[in-house]
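**Q** What follows is a single structure, and I will ask about it in a moment.
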Amino acid sequence: MEKRAFGRTGLDVSVLGFGGAPIGVLETGQSDVDSVLALLLDHGVNLIDTAAGYRGSEEAIGRSVGHRRDDFVLVSKCGQAFDDLAGEAWSAEVISATVDRSLARLGTEYLDVMLLHTCDREVLERGEALGALVRARDAGKVRFVGFSGDNQTAAYAAGLDDVAVIQTSVNVCDQVNIDQVLPVAVDHAVGVMAKRPIANAAWKDLNDQPGFYARYAETYTERLALMDVSPEDLGFEASDWPEIALRFTLAAEGVHTAIIGTTNPAHVQANLEAVSRGPLPDDTVNLLRIAFVEAAAEDWTGQT
């Protein structure tokens with residue numbers, strides 16, 4: 001498994017990471033979580049991403065691989081208000097409480113990374129939310145802090161001194177952040193986690209998409225149709241869209257890891273095989289970039 005230096009953190013992360021949203025939202029059974037995470041870790045995947053808002057995800061991950069804590073970089077996200085925690089959204093109170101709860105749920109003494117989970121720029125500028133994470137970092141509860149989001153807010157966050165990691169949308173149907181966010185991240189040596197790298201399987205019929213993915217899948221499906229490009233145009237087979245998409249994301253300068261949430265071991269194996277082939281060659285990337293630019297409307301921003 002290829003690993004990349006994770007910005008200025010001093011960590012090395014696998015180019016394929018695991019996204020923990022589906023195992024919580026889809027209420028995946030613990031035995032299935034165990035199988036998927038063991039398969040990933042055993043094949044060298046060493047980044048696991050979750051969030052306080054992914055119902056049941058932190059607990060399931062903690063139960064599954066807490067005993068292998070030294071084998072992976074652990075990322076969670078926070079900032080929203082919760083019924084069982086004191087404090088309003090983005091307040092220092094709720095963020096501090098969420099960090100402590102995440103540590104307990106995940107069964108760990110520290111998080112490698114804690115991200116603000118898609119707040120707006122005004123929240124960042126006020127400084128209370130980021131300041132709470134910095135205090136958690138200084139207390140040894142979190143090693144690095146950062147931001148999950150898109151567009152100009154993510155670009156602004158990437159330029160802040162305390163932000164060491166950014167999570168942002170980068171895929172064949174969501175290319176705006178390649179130009180808006182990644183150059184800032186590169187300039188500031190920020191670690192970059194690409195979310196939705198396979199564009200929520202935009203090549204599928206929408207009727208085959210689970211409800212959890214519907215909002216993003218619909219937009220991406222519309223965009224891909226307007227881009228009017230096929231795997232055959234790129235020198236691949238019709239069934240190769242997942243590989244094309246993942247390898248496209250990993251070809252973007254500044255991306256260190258692409259996180260995919262799946263509960264299917266067969267999909268895990270396919271993703272492992274895809275990343276083993278390396279990023280897409282430049283000429284193929286350019287074809288997809290041109291297709292996006294030529295099709296894009298003004299509202300084709302990164303999806304938050």
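**Q** What's the number of the only condition in (1) of a type outside the set (Gly, Ala, Ser); (2) touching a Phe, Trp or Tyr at 6+ places or on another chain (Cβ under 6 Å); (3) within 25 Å of residue 163 (Cβ to Cβ) that residue 25 fails to meet?
**A** The single condition residue 25 does not satisfy is (3).
**Q** Where residues in the range 61-77 are among the hydrophobic types (A, V, I, L, M, F, W, C) and part of a helix (DSSP H, G or I), which of them is surrounded by the most Cβ atoms within 10 Å (Cβ to Cβ)?
**A** 61
**Q** Kindly establish whether residue 164 is at pLDDT 95 or above, surrounded by 19 or more Cβ atoms within 10 Å (Cβ to Cβ) and either assigned to a helix (DSSP H, G or I) or at negative phi (or both).
**A** When the stated conditions are applied, residue 164 passes them.
**Q** When you scan the range 227-240, do you find a residue that is among the acidic types (Asp, Glu), surrounded by 22 or more Cβ atoms within 10 Å (Cβ to Cβ) and out of contact with any strand residue (DSSP E or B) (no Cβ under 7 Å at 6 or more places or on another chain), even just one?
**A** no
**Q** Between 199, 217, which is under 21 Å from residue 49 (Cα atoms) and touching a Cys at 6+ places or on another chain (Cβ under 7 Å)?
**A** 199
Condition check ((1) in a helix (DSSP H, G or I); (2) over 27 Å from residue 180 (Cα atoms); (3) without any contact (Cβ under 8 Å) to a residue 40 or more places away in the chain) across all residues:
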position	(1), (2), (3)
222	yes, no, yes
266	yes, yes, yes
277	no, yes, yes
285	yes, no, yes
289	yes, no, no
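**Q** Let me ask another. Only one of 107, 127, 140 is closer than 23 Å to residue 45 by Cα, at pLDDT 95 or above and of a type in the set (Gly, Ala, Ser). Can you tell me which?
**A** Checking each option against the conditions leaves just 107.
**Q** Okay, moving on. Is it the case that some residue within the range 192-203 is out of contact with any Phe, Trp or Tyr (no Cβ under 6 Å at 6 or more places or on another chain) and surrounded by fewer than 24 Cβ atoms within 10 Å (Cβ to Cβ)?
**A** Yes, that holds for at least one residue.
**Q** Those residues that are assigned to a loop (DSSP other than H, G, I, E, B), of a type outside the set (Asp, Glu) and at pLDDT 95 or above, I need them from the range 249-262; list them, please.
**A** 252, 254, 255, 256 - these are the residues of the range 249-262 that are assigned to a loop (DSSP other than H, G, I, E, B), of a type outside the set (Asp, Glu) and at pLDDT 95 or above.
**Q** Conditions first: (1) over 21 Å from residue 36 (Cα atoms); (2) part of a helix (DSSP H, G or I); (3) of a type outside the set (Asp, Glu). Residue 246 passes all but one, so which condition is the exception?
**A** (1) is the only condition that residue 246 fails.
**Q** Restricting attention to the range 1-49, and to residues there that are in a loop (DSSP other than H, G, I, E, B) and modelled with pLDDT under 95, which single residue is farthest from the chain's Cα centre (by Cα)?
**A** Per the criteria, the residue is 29.
**Q** Can you name the residue in the range 168-203 that is in contact with a His (Cβ under 9 Å, 6 or more places away or on another chain) and not β-branched (Val, Ile, Thr) and is also farthest from residue 282 (Cα to Cα) among such residues?
**A** My answer is 191.
**Q** Identify, please: which residue in the range 102-122 is more than 21 Å from the chain's Cα centre (by Cα) and outside any loop (DSSP other than H, G, I, E, B) and is, among those, surrounded by the fewest Cβ atoms within 10 Å (Cβ to Cβ)?
**A** The selected residue is 122.
**Q** If you go through the range 291-304 one residue at a time, how many are in a helix (DSSP H, G or I), farther than 18 Å from residue 197 by Cβ and either touching a Gly at 6+ places or on another chain (Cβ under 6 Å) or not aliphatic (A, V, I, L, M) (or both)?
**A** 1
**Q** Restricting attention to the range 73-121, report how many residues are more than 15 Å from residue 142 (Cβ to Cβ) and of a type in the set (Lys, Arg).
**A** Within the range 73-121, residues that are more than 15 Å from residue 142 (Cβ to Cβ) and of a type in the set (Lys, Arg) number 1.
**Q** Could you list, in sequence order, all residues of the range 78-89 that are in a loop (DSSP other than H, G, I, E, B) and crowded, with 24+ Cβ neighbours inside 10 Å?
**A** 79 - this is the single residue of the range 78-89 that is in a loop (DSSP other than H, G, I, E, B) and crowded, with 24+ Cβ neighbours inside 10 Å.
**Q** Moving on. Give 34, 42 a once-over and let me know the one that is surrounded by fewer than 16 Cβ atoms within 10 Å (Cβ to Cβ), touching a helix residue (DSSP H, G or I) at 6+ places or on another chain (Cβ under 8 Å), farther than 24 Å from residue 187 by Cα and charged (D, E, K, R).
**A** None of the others qualify; the one that does is 34.
**Q** So, one more: Considering 52, 136, 97, 154, which residue is of a type in the set (A, V, I, L, M), part of a helix (DSSP H, G or I), in contact with a strand residue (DSSP E or B) (Cβ under 7 Å, 6 or more places away or on another chain) and over 17 Å from residue 191 (Cα atoms)?
**A** Within the list 52, 136, 97, 154, the selection yields 136.
The values are calculated or read from the model by the stated rules, or taken from the named source; none is laboratory data. Every value quoted in this text rests on a predicted model; they were computed, and no experiment measured them. Neighbour counts run over all protein chains shown; Cβ positions are idealised from the backbone, glycine included.
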